[in-house]
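A.B. asks: Here it is, the structure, as structure tokens.
The values are calculated or read from the model by the stated rules, or taken from the named source; none is laboratory data. Only a predicted model underlies this, so the values are computations on that prediction, with no experimental measurement involved. Quick reminder, even Gly has a Cβ in these numbers, built from the backbone with ideal geometry, and neighbours come from all protein chains shown. These accessible areas exclude ligands, DNA and RNA; they are computed on the full protein's heavy atoms, side chains included. Shrake-Rupley method; radii C 1.70, N 1.55, O 1.52, S 1.80 Å.
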Amino acid sequence: MSTTDLYIRQRAPFELSEVNLSECTDEQLMEISRESGTGLSLEEMQAIRGHFVERGRHPTDVELQSIGQAWSEHCCYKSSKVFLREYVFGIDNRQVIDRGDAGVMEFDKDHAYALRIESHNHPSAVEPYGGAATGIGGILRDVLCMGARPIALVDPLFFGPLNLSSAKLPEGIKHPKYLLGGVVAGIRDYGNRVGVPTVSGGLWFDESYVGNCLVNVGCVGIADKRNVRRNAVRGPGDVLVLVGGRTGRDGIHGVTFASAVLTEESETESRGAVQLGDPIMKEPVMHAVLEANEKGLVNGMKDLGGGGLSCVVGEIALAGGCGAEVDLTKVPLKEEGLAPWEIWVSESQERMMLSVSRRNVDKVLHIFKLWDVPATPVGGTIKEKRVRLYYEGVKVFDLELDFLTAGPEYCRPCSASRAGRRTKERVPKARARYDRVMLKLLSDHNICNRDWVIRQYDHEVRANTVIKPLQGRVGHWTHGDATVIKPVEESFRGLAIATASNPFAVGIDPYRGGKGCVDEACRNLAAAGARPHSLTDCLNFGNPEKPDRLWQFRETVRGMGEVAGGLDIPIPSGNVSFYNESPKGPVLPTPVVLGCGIVRDIRKCVTSELKGEGNSVFVIGRTCKEMGASSYYRITKSHSPRVPDVDIDALRAGVDIVARGIERGAIVSCHDISDGGLATALSEMCIGGDIGADVDLSGLGRMRGDVKLFSESNSRWVAEVRKGRERQLPKDRRTTAVRIGTVGGDCLRLRSGRTLADVRVSSLAKAFNEPLWRSVG
């Protein structure tokens with residue numbers, strides 16, 4: 001029997017079939033999974049068959065498609081949940097208000113903020129402009145459906161080398177330069193048009209991303225506490241109101257596409273899975289949702305992201321202890337002729353589902369009509385925990401929610417691979433001077449000025465961005481560590497936002513690398529004057545069905561959870577993106593952290609550029625010989641398995657020293673020490689201030705000069721302390737604060753018994769500012 005014979009056409013005035021799974025062989029089950037685009041495994045198809053055999057019927061094509069979306073890796077976290085539960089989910093500092101589509105944290109006694117980061121990797125690899133733009137659209141909705149107004153966006157991005165030879169480009173893969181241009185344009189056009197500033201992010205380049213770029217996007221929002229909403233209905237009798245864009249064939253099977261490895265055929269076979277964004281629709285949608293919520297007319301809401309209606313209806317109903325009935329005939333469509341299953345699983349953009357009490361429906365519809373946004377009641381909630389769908393009067397779907405939404409959960413094989421692992425250290429040859437090395441590091445694409453990207457984004461729209469992503473004297477811009485937003489008009493309390501990632505370290509030692517990502521996020525926040533308050537993470541990894549990839553994931557999460565838990569910093573939201581592989585192999589294991597910190601008084605925040613001649617320069621934190629994954633070792637083709645570790649007590653002490661020093665007015669500029677080490681951090685501070693410094697590194701300990709210059713040991717900052725205020729710098733026995741020099745002159749001079757480097761600030765600036773512009777021009 002062919003698989004075609006297993007589809008039983010039903011008597012209905014539209015396309016509807018039942019699928020005879022009960023008579024399927026294992027081979028036929030897998031063929032149906034492939035043909036239907038559901039991407040389910042044999043064990044999952046067997047479980048579905050058993051469920052319907054017990055009920056004495058066949059599933060409809062609508063039901064099979066719905067299960068495929070709900071049980072995808074993207075939606076149910078079937079491979080990652082066991083580790084997230086063990087290492088991350090339990091962290092709570094009693095300021096977590098909700099953990100829904102976005103996490104919600106207490107900001108002050110009257111306000112809360114929401115935060116979330118997620119990936120749009122596969123769509124962006126196929127269609128970079130649309131994939132990135134719809135990533136922004138989706139992350140805005142995640143924050144909006146918590147009742148928060150989006151106030152900031154972030155965009156950590158990962159690509160192959162920009163100078164990659166076309167001869168090395170695999171068939172069916174787009175060049176990194178093309179992908180970068182398309183992704184940045186998509187984020188720019190969507191974010192700028194909806195009027196939400198893009199304030200933080202990052203660029204990383206490595207050959208592992210050639211076949212599978214990573215596009216992560218995050219959002220932070222603010223809300224009155226009384227307006228915070230759960231992603232849940234209130235109870236039976238609520239009306240489900242679908243608002244926003246119309247439903248079409250775009251984005252069908254988006255979550256199953258995101259739960260599979262990219263292939264040479266993805267460009268043609270999966271283009272229909274990429275959604276179409278509409279920022280002109282999104283802005284009035286946000287206004288209308290916020291107005292209806294402000295007036296107390298919304299019981300709960302949820303965005304239509306992965307899986308579309310097929311996921312949102314069951315999830316929002318079950319979260320409120322209910323089921324639902326929906327009439328698909330009422331769903332506004334972009335075009336005629338969509339089958340019921342296409343309407344149900346479409347991921348068309350700019351849509352949200354509101355749960356509204358029946359007495360408030362007309363008021364809600366009136367608000368949306370004033371904003372010229374479609375709003376349609378499509379169903380309601382019922383006591384029974386199941387979902388029933390009707391189309392043109394015919395029941396096409398009837399499933400228990402416990403079965404539909406639970407999904408499988410796996411404890412897959414998980415072990416380290418020794419293939420290709422280098423355990424011996426290859427140390428670079430010592431040099432008399434390191435001037436050229438410093439300039440080479442500053443011009444490396446993983447370090448150089450990102451202003452080509454940053455200047456395309458409106459990071460000041462809404463006039464709340466107090467500390468901006470580019471910092472320095474006019475005409476002498478450098479990178480900051482964190483941006484600071486003033487979210488509440490009547491208060492000087494601020495919210496700092498920073499991103500962090502180090503795939504190079506995680507690739508060598510996932511456990512230490514994961515710890516380091518949390519450390520870096522905390523360092524970045526503290527450098528602006530904030531105290532770390534919450535984190536959200538996007539975990540980008542390869543195929544979890546391969547034990548070595550899953551081992552990398554587990555160890556990374558273990559490390560991240562250990563540091564976050566040790567600091568009592570919750571991770572109330574996040575995202576897991578698996579199957580980031582291509583014919584070239586997996587991407588580097590890439591955890592990305594978005595951190596938020598509380599600033600007690602934004603008027604005391606500092607930026608990263610050096611401020612004044614005669615001020616003292618301090619290094620806070622211990623420098624160690626931990627050169628594994630360092631930028632210096634990468635450009636010299638050296639290697640060390642010893643990745644920087646994190647001393648949680650030292651990190652806590654360092655954050656406190658920096659934050660209190662800034663609050664006291666002793667620290668006037670600060671920069672975390674990360675990529676390129678101390679030499680690069682000092683160079684960036686000099687570039688932004690257009691002033692030099694005379695630095696003696698003898699006080700950092702007995703070690704080689706290049707280790708002092710380029711070590712990327714964690715929990716360290718460079719702090720500029722106002723002349724005469726050195727004694728006001730806080731002290732803590734758990735870490736160190738060493739004075740290393742003085743601000744002044746037009747050169748950065750670095751000594752340790754002898755001169756290690758002496759470079760004019762203008763030369764540093766040239767090396768730092770030009771590379772990205774030359775490469776993308």
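A.B. asks: When only C-alpha pairs under 8 Å and at least 6 residues apart count, what is the relative contact order of the chain, in percent?
C.D. replies: The normalised contact order for the chain reaches 14 percent.
A.B. asks: Per 0.36 nm of contour for each residue apart, how much would the distance between residue 455 and residue 94 grow if the chain were fully extended, relative to their Cα-Cα spacing?
C.D. replies: Extending this stretch completely gives an extra 126.1 nm.
A.B. asks: A further question on this structure: When the distances between all Cα atoms of the range 362-433 are binned every 10 Å from zero, what whole-number percent does each bin get?
C.D. replies: 12, 18, 17, 14, 9, 12, 12, 6, 0
A.B. asks: Expected output is a single nm value to one decimal: the length gained when fully extending between residue 53 and residue 369, i.e. 0.36 nm times separation in residues minus the C-alpha distance. What is it?
C.D. replies: My answer for the length gained is 109.1 nm.
A.B. asks: One quarter of the convex hull surface, Cα atoms only: what value does that give for the range 4-59 in nm²?
C.D. replies: Averaged projected area of the range 4-59's Cα convex hull equals 4.0 nm².
A.B. asks: If you don't mind, another one. Shape of the range 646-738 from its Cα gyration tensor (a ≥ b ≥ c, root eigenvalues): rounded if a/c is under 1.5, otherwise prolate when a/b > b/c, or oblate?
C.D. replies: Cα axes put the range 646-738 in the oblate bin.
A.B. asks: For a paramagnetic label modelled at 7 Å from the Cα of residue 14 toward its Cβ, which residues of the range 316-340 fall within the zone defined by backbone nitrogen distances under 14 Å?
C.D. replies: Residues passing the 14 Å test: 326-340.
A.B. asks: Of all accessible surface on the range 66-173 at a 1.4 Å probe, what whole percent is carbon and sulfur?
C.D. replies: Heavy-atom surface of the range 66-173 belonging to carbon and sulfur, 1.4 Å probe: 47 percent.
A.B. asks: Normalise the Debye intensity by I(0) for the range 594-700, one equal point scatterer per Cα, no solvent, then take log10 at q = 0.12, 0.23 Å⁻¹ and round to two decimals.
C.D. replies: Ignoring solvent entirely, the Cα scatterers give -0.50, -1.44.
A.B. asks: Next question. Along the Cα→Cβ direction, 7 angstrom out, place labels at residue 418 and residue 25. What is the inter-label distance in nm?
C.D. replies: 4.1 nm
A.B. asks: Moving on to the next point. Suppose all protein chains stay in the model; what accessible area per residue would a 1.4 Å probe give for the range 693-750, in Å²?
C.D. replies: Each residue of the range 693-750 exposes 45 Å² on average to a 1.4 Å probe.
A.B. asks: With θ taken as phi - 60° and the coefficients 6.51, -1.76 and 1.60, list the Karplus ³J(HN,Hα) couplings across the range 340-352 in order, rounded to whole Hz; mark glycine and proline as x.
C.D. replies: x, 5, 5, 4, 6, 9, 4, 10, 3, 8, 6, 10, 9
A.B. asks: If you don't mind, there's one more thing I want to ask. Mind jotting down a quarter of the surface of the convex hull over the alpha carbons of the chain, in square nanometres, one decimal?
C.D. replies: For the Cα atoms of the chain, the hull's average projected area reads 31.9 nm².
A.B. asks: Same structure, new question: Within the range 31-48, name every residue whose backbone N is under 19 Å away from a label modeled 7 Å from Cα of residue 4 along the Cβ vector.
C.D. replies: Within reach of a label on residue 4, which here means backbone N under 19 Å from a point 7 Å along Cα→Cβ, the range 31-48 contributes 31-37.
A.B. asks: Of the accessible area of the range 606-777, with the probe set at 1.4 angstrom, what percent is carbon plus sulfur?
C.D. replies: Ligands and nucleic acids excluded, carbon and sulfur reach 46 percent.
A.B. asks: Next up: If you find the alpha carbon centre of the range 70-128 and of the range 721-757, how far apart are they in angstrom?
C.D. replies: Result: 40 Å between the Cα centres.
A.B. asks: In whole Hz, with x marking every Gly and Pro, tabulate ³J(HN,Hα) for the range 325-330 from phi via Karplus 6.51 cos²θ - 1.76 cosθ + 1.60, θ = phi - 60°.
C.D. replies: Residue by residue, the range 325-330 yields 10, 9, 9, 5, 4, 7 Hz.
A.B. asks: Given the rule -39500 (n - 2.57) for each run of at least 4 DSSP H residues, summed and divided by the residues of the chain, what is its mean residue ellipticity at 222 nm, to the nearest 500 deg cm²/dmol?
C.D. replies: So the helix-based figure for the chain works out to -9500 deg cm²/dmol.
A.B. asks: Oh, and also: Counting only C-alpha contacts under 8 Å and six or more residues apart, can you give the relative contact order of the range 4-59 as a whole percent?
C.D. replies: 31 percent
A.B. asks: Which FRET efficiency, nearest 0.05, do residue 35 and residue 86 yield, Cβ-Cβ r, R0 45 Å?
C.D. replies: Taking R0 as 45 Å, the efficiency between residue 35 and residue 86 is 0.75.
A.B. asks: Label-point separation (nm) for residue 327 and residue 613, each offset 7 Å from Cα along Cα-to-Cβ?
C.D. replies: 8.0 nm
A.B. asks: With a 1.4 Å probe and all protein chains in place, put 178, 113, 511 in order of accessible area, largest first.
C.D. replies: Ranking 178, 113, 511 by accessible area, largest first, yields 178, 511, 113.
A.B. asks: For a Förster distance of 41 Å, can you work out the FRET efficiency between the beta-carbons of residue 746 and residue 702, rounded to the nearest 0.05?
C.D. replies: It comes to 0.85.
A.B. asks: Among residues other than residue 747 whose Cβ falls under 11 Å from its Cβ, what is the net charge (Lys/Arg +1, Asp/Glu -1)?
C.D. replies: Charge balance in the 11 Å sphere: -2.
A.B. asks: Also, quick follow-up: Under the 0.36 nm per residue contour assumption, what length would be gained going from the current alpha-carbon distance of residue 773 and residue 225 to full extension?
C.D. replies: Result: 192.9 nm gained on full extension.
A.B. asks: Still on this structure: Share of Cα-Cα pairs in the range 606-777 beyond 27 Å, in percent?
C.D. replies: Every Cα pair in the range 606-777 considered, those over 27 Å come to 23 percent.
A.B. asks: Now a separate question. Under 10 Å from the Cβ of residue 281, count the other residues' Cβ atoms, weight Lys and Arg +1, Asp and Glu -1, and hand me the total.
C.D. replies: -1
A.B. asks: Let me ask something else about it. Would you mind putting 738-744, 364-370, 349-355, 196-202 in packing order, based on average other-beta-carbon counts within 10 Å, highest first?
C.D. replies: Result, highest mean Cβ count within 10 Å first: 349-355, 196-202, 738-744, 364-370.
A.B. asks: May I ask you to order 710-723, 546-559, 9-22 by the average number of other C-beta atoms within 10 Å around their residues, highest value first?
C.D. replies: Descending mean neighbour count gives 710-723, 546-559, 9-22.
A.B. asks: How big is the gap, in Å, between the Cα center of the range 312-352 and the Cα center of the range 663-715?
C.D. replies: 55 Å
A.B. asks: Going through the cross-link list 468/611; 363/385; 363/486; 334/385; 168/708, which pairs have a Cα-Cα distance over 25 Å in this structure?
C.D. replies: Too far apart for the 25 Å limit: 363/385; 363/486; 334/385; 168/708.
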